[in-house]
Structures are given as C-alpha cells and as structure tokens.
Amino acid sequence: MASLKKDAFNDDFIWGVSTAAYQIEGAHNKDGKGPSIWDVFVRKKKRILRGQHGNIACDFYHRFTEDLGLMRNLNIYNHRFSIAWSRILPEGNGRINQQGIDFYNKLIDRSLELGIRPWITLYHWDLPQALDKNGGWVNRDVTEWFGNYVAICIKHFGDRVKDWIILNEPTVFCAAGYFFGIHAPGRKGLDTFLAAAHHTALAQAHGARVIKSLQTDSNVGTTFSCSHVQPFSSREKDVRAAEKADLLLNRLFIEPLLGLGYPTGSIKVLNRIEKYMQQNDERDLKFDMDFIGLQNYTREIIKHSYFVPYIQAEIVNAKTRAVETTAMNWEVYPESVYHILKKFSAYPNVPPLIITENGAAFPDDVGNGKIDDLKRKQYLQEAIQQVLRAQQEGVNVKGYFVWTFLDNFEWAEGYVPRFGLVYVDFSTQQRIVKASGYWYADFLK
C-alpha cells in the first residue's frame, strides 16, 4: 500500500499512540501509590494467563524519559496515556499523594519539551482498591469520588493539559469486571452489572462537567469500545440476535450520553437498570462532548442461541469461521474501522470522532536485533486506509491513535499478545522498534 500518504488527510488530523497506566507503568507500590483493583486481581489464582502481573510491566515509571525520546524519534507527537487514580489518591479519596502528582508533572513536562501533546485518560480500569471495598462502581457514591479525583487532576495538570478523555471503554470494564468476573474486580451478576453500568454512565457526564467548570478551554471526550456486528445468516433469529449484540457492544453508553436514554428496547431485562435511577438521572447522563473516541479491533459475527441467558445471542468464534486471526483470536478485518465510523457518525448531533485505539497483536520474532512484523504493518496500513475512506465519504473523523506504543501487560492475557510498535523484552526491558514502528514513523514524517 505504497500509495497511502498522510497528506491525503486534513492538515489538522491528529496522529498518535495510546498507552495505559497499569499496562506500562510498573512501580505498583512505589512512592506512596495505593493498590488498585488490578494490583489485587492479578494475585488471584488462575485469573491471568501464566500467573503474570503488572507489578513491573514496561517499567515506564522509571523509563519514561527514554521512552518519550523514542516516541519523538518516531515522529509521534500525540500520546494518549492514563493516570493511575491510586497513585494520586492512595485511598481513592481524601489524602493526595504528592509523589504521584510529581511523577505526572514530570511526564507532562518532558512530553511538552519534546513537542509531544499529552492526551490524558482519567480512568483506564484501575479503580483504587480502597473504593472497591466500599462497592466501587456498584456504589452510587462513585460518581462523586470520581468527580473529586477529576477536579484534582485538572487543578494540578490543567495549566498544561487541555485534552481529556473521561473513561476508557465502559462497556468492557463493566461487563468483564462486574458481569462475567474475568477482569478486576472479578464480580458477577446482572444486577451488579446494571448498577455499575448506570453509575459509570453518570460519572462519564459528571466528570466532563467538572472539567468544563474548571477549565473552559478544555477539549473533553470519552472513549467507547466498538465492534462491527453482522448476523451469521439472514434468518430472522440471527438478525435479531445481532441487533441485541449491537445494543450491548456499541449503543449502551453512547446513547444516554447523547440524550437518547438507555437503548433497552430489544433486551427487556435491561429495563431493570431503572431500579438504580433517581430523579434527574436521565438529564444528568447527557453531556455535549467535544469529541467521541472510538476503539475498534475487529468485527463480530452473531447467531441466535437458546442457551445464552438474557439475550439469546452468541459470537461465532473467528477460528470456526476459518478466517485469519490475531494473537487475541480476533478476526483480521480492518474494514471494521470504516463501518464503525459510519455507524457512529449517523447519530444526530454527534461530535467529531477520533479513533483512540486500533491495532493488532501478532507473535513477534526477533532476528539479528530486528522484528519484521509484516502482518501488523499491513493491518495498520489497511485500517488507516479505511479511516481515509470514511473521511472521504463525509465522516467527521479528526484523529487516529495506534494501540499501542510498547508491548505491554494485556490484562487477563498477560504478556503473550503483543500490540506494540516497539518490542519490549520483559526480562531486560530492552526496547526494539519493529518494522511497523519504522513504517509509522515514515508515514508521519
């Protein structure tokens, strides 16, 4: 795809990379940081592949200066990273840890010195463990806890940072952490999920209001995980199953934010979310964001299933469909990015869209100090081509961030799936730029 050029996009199009605190920082108990739900969850048996954890991860906490220098050398001038809530507030509320503030000040200042624009995600899944003991996202008070934390971040970093992302993928952390129990904090059950989802949706808008009240010139958004959903067949049951999957995977958090209310229609059990709603909640769920972040990796093929409770729908595993897959067992389908952009741009009054995560995990072989990751490079080229296709068809898409800069801790999958543009040898912390990283640098030049 030699013809793909950055010049085909608008001059103000934003190109960058995304990372997340728990996945790269390490230093899990250093300099006054309190434990997060992930610090606790990784210690539970059989929860993480090979019993791995993020205690050290990429040691970004100690190596950020050299990593930012590498980022700058690869022509990457936008870095989306998250703040570890429990590094700032070890108990989740109350006492501020100055050493945590100092770390992020140094990270922000060094970024700006190098010409790298910080895009800060305020919540990327690592709730302070002290708050989880009081119910975490299941407790309605979490909205105020979150607002207080956001205000502290704006007070300490808002003089230099203008770009804020409220939440990372609320559907994923609510479903995986509070319904299936496969992510931290490992809770299960429909009512647990519905309470967590509603309080998360409230916090999403509340956090944005807090920022705008303190920093009127801020650029505020939030990010959603999205999958292009298609029915397995044209049978009515499969079509209906796909509609239900689309509701859960793509619509559950964007629609209340846009003032459309929860999309409960085709999944009647979702009406139970009303149990957690109070007066004015429907109004308070709504906020006019400056942008919406979309995070996409694949498509899902959905078929009807009598045996799946509540929705009678299941994903048809990519391997059984004999399609090419990534190390995450996701179908290699870059066109999904195009379909997602078209879908979300169709909402009335939707703000500009940014692809805040997109990438692919493939096994990497180090040979003579080099990594020729052709599959990842090809995936990124094709995905970016699909973003351009959407833009040329009138979609107001303003940016694209690769997931991710460094190979990192991939939650329940440990260190096995590698998404990075830069290879990390986790035994030595050596960094090796992959062919995909050099391609991206050349593309951005």
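Points to keep in mind about this one:
- Flag not set for residue 252, criterion: farther than 30 Å from residue 416 by Cβ, buried (at least 20 other Cβ atoms within 10 Å of the Cβ) and not charged (D, E, K, R).
- Filtered residues of segment 386-404 (kept if assigned to a loop (DSSP other than H, G, I, E, B) and over 21 Å from residue 172 (Cα atoms)): 393, 394, 395, 396
Residue by residue, here is whether (1) under 23 Å from the mean Cα position of the chain (by Cα); (2) not in a helix (DSSP H, G or I) holds:
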position	(1), (2)
266	no, yes
293	yes, yes
336	yes, no
339	yes, no
342	yes, no
361	yes, yes
383	yes, no
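- Long-range neighbours under 9 Å by Cβ, at least six apart or interchain, first residue more than 20 Å from residue 28 (Cα to Cα) within segment 117-140, second open to solvent by less than 10 Å² (accessible area, probe 1.4 Å) and modelled with pLDDT under 95: none
- Where a residue in segment 5-33 is more than 30 Å from residue 54 (Cα to Cα) and its partner, wherever it lies, is open to solvent by less than 10 Å² (accessible area, probe 1.4 Å) and hydroxyl-bearing (Ser, Thr, Tyr), with Cβ under 8 Å and at least six apart: 13/400
- Filtered residues of segment 88-107 (kept if closer than 11 Å to residue 153 by Cβ and either open to solvent by less than 30 Å² (accessible area, probe 1.4 Å) or not aliphatic (A, V, I, L, M) (or both)): 88, 89, 100, 101, 104
- Residue, least open to solvent (accessible area, probe 1.4 Å), within segment 312-348, restricted to residues that are under 23 Å from residue 240 (Cβ atoms) and charged (D, E, K, R): 331
- Out of 152, 166, sole residue that is touching a helix residue (DSSP H, G or I) at 6+ places or on another chain (Cβ under 7 Å) and either buried (at least 20 other Cβ atoms within 10 Å of the Cβ) or over 21 Å from residue 84 (Cβ atoms) (or both): 166
- If only residues of segment 272-311 that are without any contact (Cβ under 8 Å) to a residue 24 or more places away in the chain and farther than 30 Å from residue 210 by Cβ are counted, the one that is most open to solvent (accessible area, probe 1.4 Å) is 307.
- Candidates 140, 87, 117, 110, filtered to the one that is closer than 17 Å to residue 202 by Cβ and of a type in the set (D, E, K, R): 140
- Criterion (in contact (Cβ under 8 Å) with a residue 40 or more places away in the chain, part of a strand (DSSP E or B) and among the β-branched types (Val, Ile, Thr)) met by exactly one of 211, 166, 182: 166
- Just one residue in the set 415, 423 is in contact with a strand residue (DSSP E or B) (Cβ under 9 Å, 6 or more places away or on another chain) and part of a strand (DSSP E or B); that residue is 423.
The values are calculated or read from the model by the stated rules, or taken from the named source; none is laboratory data. None of the values given here were measured: they were computed from a predicted structure. In this analysis, Cβ positions are derived from the backbone assuming ideal geometry, glycine residues included, and neighbour counts consider all displayed protein chains. Accessible surface areas use protein heavy atoms only, side chains included; no ligands, DNA or RNA. Shrake-Rupley method; radii C 1.70, N 1.55, O 1.52, S 1.80 Å.
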